[in-house]
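Working notes, structure below.
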Amino acid sequence: MTQTWATSGVDLHLELAGRRVRAGLEQALRDAVQSGRLAPGTRLPSSRALASDLQVARNTVADAYAQLVAEGWLAAERGSGTRVADRIAGPDPAVEPPVPAASRPARYSFQPGSPDLAAFPTAAWLLAGRRALTAAPAQALGYSDPRGRPELRRALAGYLSRARGVTASPDRIVVCAGFAHGLHLLSHVLAARGGTAMAMEAYSLAAHRDTVTAAGLAVTPVPLDGHGAVVAQFGTAAAALLTPAHQFPLGMVLHPRRRAQAVAWARDAGGIVIEDDYDGEFRYDRQPVGAVQALAPGHVVYAGSASKSLAPGLRLGWLVLPGGLLDEVVAARLLTDRQGSVLDQLTLAEFIDSGGYDRHVRRSRLAYRRRRDRLAEALARAVPPVRVTGIAAGLHALAELPPGQDEEEVVARAARRGLLVEGLAAYAAGPSPAGPPARAALVVGYATPPQHAFTGALARLTAVLADR
Ligand SMILES: Cc1ncc(COP(=O)(O)O)c(C=O)c1O
C-alpha cells in the first residue's frame, strides 16, 4: 500500500507494507531516513495530524515515533516537535567516496567561460522581474509560444539589430536555454535532414563538439590561421559553426574576406553558417564588427547568449533563424522542453527595454577592459617571454608560453598553488588539429574572479609563470 498524506503543512510520502500499522509505519519512516529521502532536520507531522490522516489511534503514531527516537533515527525536542536526527540520517558516511583532492575549491580561478558572477546586477534584475511580472497578463504564465515570450523576442530583435547589426525580426527568434541548447536543436534538425557533418573550428569547446556528435553528425575540424577559420576547408559539411567576432579560444577576428567566403559557401553549397556570437558585446578597441548574419540572413543562424553578458546560470540564449529552418527548429524544441521559463524571459525583456542591459554591459565592458590591460601589463613586466595574444575583446586572453615550456606542467603547477587555469590543448579537436598555434598557451579567463580577488589571482599567475 502506498500513501501520500498532506499533514499540517508537511507533505510526507511513505510506503506502508503489511497489515500491522505501527510496525509498517516504523519501517517506512526508517527506510525513508536511511535512504536519505528524509533529510536530516526535516520536521515530521505531529502525531495527532498524522494519526488523523492515517485514521489510526494517535498512540499508534506516537509509539512509532518514540521507538524511532529510541533507535536514534528521529529526535524529539520539546516545543519543536519531531525531526529527523542529524547523526545517522542519510547514506552511511563510511561508504561515501572521499572527495577527490582535485575537486576541492582552489583559492583563485582564471578558468575561462564565466563573467564575474559577483558583479551580477542583482538589484536591477529583481526590479525588472517585479515590474515585468506585475505587468504581465495571467496568460503569460501558461503554456505559450515555443519560440519564447513575444515581449522578449521583440526586445531582442531591437537590441540585436541596434547593437550587433543583426537582421532580426521577432518571429524568426527562438529563445533557448543557452547556446548549448540552440546547438543541440540545430544539430538534430540538420541530422534529420540527412546532414552528415558539421565543420567546426579546430580549437573549440569540447562540449560543443560532443553535442554535435551526439546528434549523429561527424565533426570536420577546420584549420585556423591569423585570419580565423580557413573557410575553403568546410568540405561537404551541412553547416559550419564559427565564432567570427572573437575566435574561441584563440582570440582572432574572422577576416572580412573570410566572412564573405563563408557566406558564399553557404549560398553555393546549400550549407548553413552558425554564427556563435558568445561575447560579441565585449570589444575594447572601438572596432566592433557587426554580425556576419546581416550579409545573408537566409543562410546564417545568429546565436547569442546571456552567459557572458549576465550569467551562465540564467540559461538564456537565442537563435535568429533563416526562414527555411524555423519550423524544424520549433518542432525540435517542442520535443525537448517545449518552452523556456517565462519569468526569466519576461525579466530579460524588461531589463533590455528599460536600458538596464545596456548599462550593465557598458559597466562590465569597462571593468573587463581594465582587467585585460592589467593582465597584459603584469605579464609583460614579470614574464616578458609570455605573450598575450588575440584581439582586445571578450572575457579571456591567450597567454602564449615561451618555447620549451610544457603547458600541462604549468597548469598543474598553478593548480598546486591554488590557481585554476586552462591549457590551450584542452580545446583542440583531436590530438593534432590543423593549423597554428604550435606554441603552448594558457587560456586565461580574466573575468572569472570577483573584483576583490583579481589582484591576488594575477599575482599568483605571474608567480606561477615566472616559477617563483
Ligand atoms: C564559444 C562559446 N560559445 C557559447 C558559449 C555560451 O554557452 P551557453 O549559452 O550554453 O552558456 C560559451 C560559453 O562558455 C562559449 O565559450
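The values are calculated or read from the model by the stated rules, or taken from the named source; none is laboratory data. The structure displayed is predicted, hence computed values, not measured ones. When we count neighbours, we look across all protein chains shown, and the Cβ atoms used for this are built from the backbone with ideal geometry, even at glycine.
Summary of computed values
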item	result
Residues satisfying the stated conditions in region 272-297, i.e. more than 16 Å from the ligand (Cβ to nearest atom), surrounded by fewer than 22 Cβ atoms within 10 Å (Cβ to Cβ) and not in a helix (DSSP H, G or I)	Tyr284, Asp285, Arg286, Gln287, Pro288, Val289, Gly290, Ala296, Pro297
Tally of residues being of a type in the set (Gly, Ala, Ser), assigned to a loop (DSSP other than H, G, I, E, B) and buried (at least 17 other Cβ atoms within 10 Å of the Cβ) across region 383-409	3
Residue that is nearest to the ligand (Cβ to nearest atom), among those in region 298-315 that are assigned to a loop (DSSP other than H, G, I, E, B), more than 14 Å from Pro121 (Cβ to Cβ) and within 9 Å of the chain's Cα centre (by Cα)	Ser307
Given (1) in a helix (DSSP H, G or I); (2) at pLDDT 90 or above, index of the condition Ala102 fails	(2)
Number of positions in region 136-175 that are over 23 Å from the mean Cα position of the chain (by Cα), farther than 19 Å from Arg359 by Cβ and of a type in the set (Lys, Arg)	2
Residue list for region 223-232, filter: free of Cβ contacts under 8 Å to residues at least 60 places away in the same chain and within 18 Å of Gly430 (Cα to Cα)	Ala229
Residue within region 84-93 that is aliphatic (A, V, I, L, M), at negative phi and at pLDDT below 75 present	yes
Enumeration of residues in region 431-446 that are modelled with pLDDT of 75 or more and either assigned to a loop (DSSP other than H, G, I, E, B) or of a type in the set (Phe, Trp, Tyr) (or both)	Arg439, Ala440, Gly445, Tyr446
Exclusive hit being within 23 Å of the chain's Cα centre (by Cα) and in a helix (DSSP H, G or I), set Arg338, Arg362	Arg362
Which numbered condition Leu224 fails, given (1) within 15 Å of the ligand (Cβ to nearest atom); (2) surrounded by fewer than 23 Cβ atoms within 10 Å (Cβ to Cβ); (3) over 19 Å from Val263 (Cα atoms)	(3)
Any hit, region 241-259, residues being assigned to a helix (DSSP H, G or I), in contact (Cβ under 8 Å) with a residue 60 or more places away in the chain, touching a strand residue (DSSP E or B) at 6+ places or on another chain (Cβ under 8 Å) and surrounded by fewer than 22 Cβ atoms within 10 Å (Cβ to Cβ)	no
Filter pass, His208 being within 13 Å of the ligand (Cβ to nearest atom), assigned to a helix (DSSP H, G or I) and not polar (S, T, N, Q)	yes
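The rows are residues; the columns are (1) surrounded by 22 or more Cβ atoms within 10 Å (Cβ to Cβ); (2) over 17 Å from Thr211 (Cα atoms).
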site	(1), (2)
Gln139	no, yes
Arg147	yes, yes
Leu156	yes, yes
Ser161	no, yes
Pro170	no, yes
Val174	yes, yes
Ala177	no, no
Leu186	yes, no
Ala192	no, no
